[in-house]
Amino acid sequence: MKNVAVIGSSGAIGKAFLNQYLKDSSISNIYAISRTHIETNDERIKYIQMDITDEKSVENAAKTIKEKYLDQIIIATGILHTSSFGPEKSIRDISVNKFVEVLTVNTIGPALVGKYFLPLLNKKNKSVMAFLSARVGSISDNKLGGWYSYRASKSALNQVIKNFSIEIRRTNLNAVVIGLQPGTVKSKLSEPFQKNVKEGALISAEESVTKLFKVIEGSSNIESGSLLSWDGQVIKP
Ligand SMILES: NC(=O)c1ccc[n+]([C@@H]2O[C@H](COP(=O)([O-])OP(=O)(O)OC[C@H]3O[C@@H](n4cnc5c(N)ncnc54)[C@H](OP(=O)(O)O)[C@@H]3O)[C@@H](O)[C@H]2O)c1
């Protein structure tokens with residue numbers, strides 16, 4: 001029987017991952033980890049409260065997991081805008097406070113998750129830690145500019161993912177660490193920008209997660225450290 005964890009289970013993509021795991025009867029424990037409490041009525045779901053920007057909170061969440069290993073860990077947290085700011089449209093919009101907040105949630109938080117959760121990955125069978133990243137974190141793919149802090153936070157996250165994949169190989173040859181590009185997904189995060197999305201390109205979180213599941217299932221040591229798109233393609237850094 002398998003154990004899995006979804007960090008950011010209150011978000012659109014995180015919730016869709018939870019629902020997908022619920023369909024799998026080979027999973028005995030599903031850890032739903034989020035800052036905001038979520039209601040569930042399935043006894044396989046164990047809720048853990050956690051703020052990804054608070055190291056003690058991340059450490060305590062990892063300690064709460066009593067099972068000795070996790071087969072899959074999904075990190076679906078992230079911000080692009082908050083109630084007080086949106087992504088930078090130009091150089092003029094760059095500010096220390098906004099930049100620090102975006103980097104703290106999108107890069108440092110996931111790095112802390114790696115610090116405390118990577119040791120929990122199953123060593124006997126294939127196990128996967130998958131971080132929701134973004135195509136806009138690819139420097140070679142950047143043609144439009146803008147969104148300084150979000151782009152930079154995801155480029156830096158992709159570097160952290162690569163580092164994790166290198167370090168974990170020394171202790172766990174069965175661990176795969178990947179970044180995922182989910183497509184343009186209907187969620188609170190994408191809501192202000194949905195009107196700019198081409199007809200047909202905006203997908204539901206359920207649709208995205210169905211595809212991301214296939215990518216996770218098909219991933220191996222060869223892809224470890226890479227950013228993979230929902231269609232399985234490797235996105236160049
Ligand atoms: N939607 C898209 O089109 C799209 C495209 C590319 C990449 N992504 C990436 O996919 C991931 C998930 O996005 P989404 O679309 O599902 O957005 P969402 O619905 O807004 O979910 C964001 C999640 O991040 C959590 N979060 C934010 N700050 C946190 C903190 N300090 N501690 C713990 N949790 C925190 C939120 O928790 P609360 O409920 O507590 O706020 C929520 O669970 C993000 O990394 C995003 O960059 C999304």
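Derivation of every value follows stated rules applied to the coordinates shown; laboratory data play no part. None of these values were measured; they are calculated from a predicted model. Cβ atoms come from the backbone with ideal geometry, glycine included; neighbour counts cover every protein chain shown.
For the structure I just gave you, tell me whether S84 is among the hydroxyl-bearing types (S, T, Y) and within 12 Å of the ligand (Cβ to nearest atom). No: the conditions fail for S84. Across region 43-63, the qualifying residues are those that are of a type in the set (V, I, T) and assigned to a strand (DSSP E or B), and the one among them that is nearest to the ligand (Cβ to nearest atom) is I48. Checked against (1) within 12 Å of the ligand (Cβ to nearest atom); (2) touching a Ser or Thr at 6+ places or on another chain (Cβ under 8 Å); (3) outside any helix (DSSP H, G or I), V105 passes all but a single condition, namely (3). With respect to the numbered conditions (1) near the ligand (Cβ under 9 Å from one of its atoms); (2) part of a strand (DSSP E or B); (3) of a type outside the set (F, W, Y), which one is the sole condition not fulfilled by A32? Only one criterion in (1) near the ligand (Cβ under 9 Å from one of its atoms); (2) part of a strand (DSSP E or B); (3) of a type outside the set (F, W, Y) is unmet by A32, namely (1).
Looking at region 119-237, what strands (runs of 3 or more DSSP E) fall wholly within it and have at least 3 residues that are more than 12 Å from the ligand (Cβ to nearest atom) and within 21 Å of G8 (Cα to Cα)?
127-132, 175-181
Does V100 fit the bill of being away from the ligand (no atom under 12 Å from the Cβ) and of a type in the set (V, I, T)? Considered against the rule, which asks whether it is away from the ligand (no atom under 12 Å from the Cβ) and of a type in the set (V, I, T), V100 comes out as yes. Checked against the criterion of being loosely packed, with under 15 Cβ neighbours inside 10 Å and out of contact with any Cys (no Cβ under 7 Å at 6 or more places or on another chain), the candidates R151, R170 yield just one match: R170.
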